[in-house]
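One structure is given here, and the rest of the page talks about it.
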Amino acid sequence: MVMQPVLEISAADGFALWPVVDRKSCGYLVLNGELTPAEVGTAVMRIADCNDFEPEEEHGACPTDPLGIFVHRLLTLPDLFASGGFRVTDNATDTVFVEPGCCNGLEGWRDWLEVLDRTGCAYFGHDPSSVAERVNDIARLTLDAHATHGSPVTELPVDHVRRLLAGAQQDLQDFLSLAGTWAEQHLPAHAAAVTAALAQAMDLAPAS
């Protein structure tokens, strides 16, 4: 069983600010410290796209140049969003038991702590409506709680899920460190601020 941080990404039609992965369809990018520079650039592009909203007036007018627009999105909004979450898959059978759904973000990864340490239940978006529930010392993972014709379900010891969560947290932190290095190369004038913004979007401590 593996738990991985994943970011929802889509085709990057016409994007030319920095190298990105040439994708023709939507899907998920697994985040860790082993991504290529183009994959990191794709993740940064996507997180900026997730926050394509006009900030409050006190943040000033949005620049008109393409690079300024992207940096403005990342550095001015107070609550950044990164579409995705922590996916849980049986790597022996490729069966998915938790898939981040619509409106779920990477910043919500701490919801897993609710399962392990607090209320004992967390939902991860919809379509599918994945849920993790704690029953005594067991965590029950259901891919789609609203499925009408059954759904993949598995039960794991809570301590095992805790280890999976620690590994996924480390993958996310490793990605942030990698993104910091990437920003120094591709956005040198804004590297520290962009890295801090990415940390905020994923609810992590800034990379050192």
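The values are calculated or read from the model by the stated rules, or taken from the named source; none is laboratory data. As the structure is a prediction and not an experimental result, all values here were calculated from the model. Cβ coordinates were reconstructed from backbone atoms using ideal geometry, including for glycine residues, and neighbour counts include every protein chain displayed. Quick note on the areas: whole protein, heavy atoms, side chains included, nothing else; ligands and nucleic acids left out. Shrake-Rupley method; radii C 1.70, N 1.55, O 1.52, S 1.80 Å.
Helix 37-50 and the longest principal axis of the C-alpha atoms of the chain enclose an angle of approximately 90°.
Residue-wise HN-Hα couplings along segment 7-23, as the Karplus relation 6.51 cos²θ - 1.76 cosθ + 1.60 with θ = phi - 60° gives them from phi, are 10, 6, 10, 9, 4, 9, 4, x, 6, 9, 6, 7, x, 9, 6, 7, 10 Hz; Gly and Pro carry x. FRET efficiency for the pair Cys26 and Val153, taken as 1/(1 + (r/R0)^6) with r the Cβ-Cβ distance and R0 = 25 Å, rounds to 0.45.
Around the amide H of Gly33, modelled in the peptide plane, lie the amide H atoms of Phe175, all under 5 Å away and 5 or more residues distant in sequence or on another chain. Taking all Cα pairs closer than 8 Å and separated by 6 or more residues, the relative contact order of the chain comes to 21 percent. Calculated accessible area for the chain comes out at 49 Å² per residue, all protein chains present (probe 1.4 Å; ligands, DNA, RNA ignored). Of the chymotrypsin sites (Phe, Trp or Tyr not before Pro) found in segment 48-154, those that fall in a DSSP loop while having at most 14 other beta-carbon atoms within 10 Å are Phe53.
Taking amide H as placed 1.01 Å from N in the peptide plane, Phe97 has its amide H under 5 Å from the amide H of Val88, Thr89, Asp90, each at least 5 places away in sequence or on another chain.
Hey, any idea what the orientation-averaged projected area of the convex hull of the chain's Cα atoms comes to, in nm²? Spell out each step's value before the answer.
Values: hull surface 51.2 nm².
Taking a quarter of the hull surface, the average projection is 12.8 nm².
Here's how it looks for Gly125: its modeled amide H is under 5 Å from those of Gly101, which are all 5 or more places away or on a different chain. Derived scalar couplings between HN and Hα for segment 71-83 equal 5, 4, 4, 6, 9, 10, 6, x, 10, 6, 10, 10, 5 Hz in order, rounded to whole Hz, by the Karplus curve 6.51 cos²θ - 1.76 cosθ + 1.60 (θ = phi - 60°), x for Gly and Pro. For the chain, give the percent of accessible area contributed by carbon and sulfur heavy atoms, probe 1.4 Å, rounded to a whole number. The value for the chain is 50 percent carbon and sulfur by accessible area.
In debye, nearest 20: dipole of the chain around its Cα centre with unit charges on the Cβ of K, R (+) and D, E (-)? Working shown, then result.
Details: 11 positive and 30 negative charges, 78 e Å.
Dipole magnitude for the chain comes out near 380 debye.
The 3J(HN,Hα) values that the Karplus relation (6.51, -1.76, 1.60; θ = phi - 60°) gives for segment 171-188 are, in residue order, 4, 5, 5, 5, 4, 4, 4, 5, 5, x, 5, 4, 5, 4, 8, 9, 9, x Hz. Gly and Pro appear as x.
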